[in-house]
1. Over the Cα atoms of the range 184-270, how large are the radius of gyration and the largest Cα-Cα distance (Dmax), in Å?
2. Round to the nearest 0.05 the FRET efficiency obtained for Asp232 and Thr321 when R0 = 30 Å and r is the Cβ-Cβ distance.
3. Among the listed pairs Lys123/Lys399; Lys245/Lys358; Lys196/Lys245; Lys196/Lys313, which are separated by more than 28 Å between their Cα atoms?
4. Can you give me the relative contact order of the range 226-346 as a percent, contacts being Cα pairs under 8 Å and 6 or more apart?
5. For the pair Glu433/Ser342, report the inter-label distance in nm, with labels modelled 7 Å from Cα in the Cβ direction.
6. Order these peptides, 296-302, 50-56, 238-244, by their mean beta-carbon neighbour count within 10 angstrom, highest first.
7. How big is the Kirkwood radius of the range 304-403, worked out from every pair of different alpha carbons and given in Å to one decimal?
8. Within a 10 angstrom radius of the beta carbon, how do Val359, Val446, Val290, Val265 rank from fewest other beta carbons to most?
Amino acid sequence: MNLNFRLLFCFAFVITCTILSAQPPSWADASYRKLKFGEREYIVGYASEVNTQKENPAELLKRLENYAKGQIAEYIQVTVRSEALLSVDESNNRFEQTFSSIKHSASNMVLSGLKTETHYDQKGKTGYSLVYTKRSDLLSYYQNDLNAKLAESERRIALSRSAQSSNAEQAYSHALEALALIPEIEHAQTIIFALKRSEFEQDIQFDRVSKLKTSIDEAMRNAQKGSANTLDDACFFLAQGLKIKTGAIKSPVVLSNFTYQDTRVGSELSNRIHRSLESRLVSVAGYSVVPSGERTADHILTGTYWKEANEIKLIATLRETSGKILASAEAILPISWLEANSIGYLPENFENAYSRMKVFQTNEIVKGDLNIEVWTNKGDDNLIFVEGERLKFYVRANKECYLRFVYHLADNQSVLLLDSYYIPSNMANKVVELPDEFECTEPFGVETLQVNAQTKPFEKLKTRDQYGYKFIEEPLNEVILSTRGFKKVEPETIDRAEKRIIFTTLKK
């Protein structure tokens, strides 16, 4: 079927307690959890599931533990996104780039210092998982971590300066080692910011981090001076920088599309970076690169690009699939080169799309007992589809539920693709391939797929039929409110979850 795309934590301690018995634990009761783990003192994730598929109890409990950990990570992510927008407004954009970096770090969240309890009720054939941490413990850990990483990165940049006049290659290597610590520094800043917004400038050591980044920039520019004038030059330096840190990596590496700042939005530049960098990762770094969307790869290389004065800074980060950072590299590309080659670094509808993102970040669904995963034939992040390419959707839910798929178009219209799509209990935790296939056609730009799930059918949206599809007539904010179910319901009677996928579509 063709459809215009417009219609379309490891701290020194981790406590794990696994119990198998015939009774649910006391913390399985929501009232007990609320009393025992007050929100002001603790951050809590919880998941439970009836073992309808006769899954190995240990595997079920491990999966539920991951769900509960994910809820805590998502709480941090949502807090950061909403608070960062407010803080930038209040500071007259003084900290805009810092908050952009922090928001980007929040999207790759792996938390340390979590305590875990799991329980399997033999009689009820039900698994339970509780993951929790004291806010004060988490804050103390990441404040210490931030200080340690800053000190080490500063030491590396001092070594780089010392070697600059006598050994340029060694100076470059030390600068790369300092750079590789920046994602970990921003990760610690992210947690601190989410937990303690008061006096945030001092808490996240804004001035010290800014000074360090400036020193790293100077070292990287000195290493690349007079060389990185084209995109191929810039991608060569990225590949070379990664190789110096990691050596050749023979196990598969997924190359994700580079996106603009913290937005997860791509462009024609993203497409060009992907093609050039893929070639140089193979020829220069000796990596084995596999297509994005490959879910069995051992490593993933992600990247962002940032406009700074008359240049574009490219930042590449190589991670293990566990989230552990292996290496980072940077390169500079003159905007004049982009202009001379008629290459845009923003999609045409960027301003409208960015405004929509802010609307989505209001009153987001953070956690619950219902969990869903959504992805495409190209994966689920940093997605770019080019005119003529086909799109398929896949979904997995941990329990019986109903799904609503809404596609928010580049021209600000919204289309109801599927409504109250039923996932029966016998399909829980199984991959479901949705029946329709879509083709990328004009107009092009940034579009968003919003997937909501709940354990009851959705109330109807007001739509009109056109070209064989259901266009939603309600404004975006009303669609979001109605889909997230902000209506009076009895407590604990309905579970909800939400996922969003952002696409950038480009002309061939």
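1. My reading of the Cα-based Rg and Dmax gives 16.8, 46 Å.
2. On the way: r = 29 Å, r/R0 = 0.96.
Plugging the Cβ-Cβ distance into 1/(1 + (r/R0)^6) gives 0.55.
3. On the way: Lys123/Lys399 19 Å; Lys245/Lys358 37 Å; Lys196/Lys245 34 Å; Lys196/Lys313 30 Å.
Violating the 28 Å limit, Cα to Cα: Lys245/Lys358; Lys196/Lys245; Lys196/Lys313.
4. 33
5. Those two pseudo-labels are separated by 3.9 nm.
6. Details: 296-302: 19.4, 50-56: 13.3, 238-244: 23.1.
Result, highest mean Cβ count within 10 Å first: 238-244, 296-302, 50-56.
7. Working: mean 1/r = 0.0562 Å⁻¹.
Computed over the range 304-403, the radius equals 17.8 Å.
8. Values: Val359 13, Val446 28, Val290 16, Val265 25.
Least to most surrounded, the residues fall as Val359, Val290, Val265, Val446.
Here, each number is a calculation from the coordinates, and none is a lab measurement. Values in this document were obtained by computation on a predicted structure and should not be read as measured data. We place every Cβ from the backbone using ideal geometry, glycine too, and count neighbours over all the protein chains shown.
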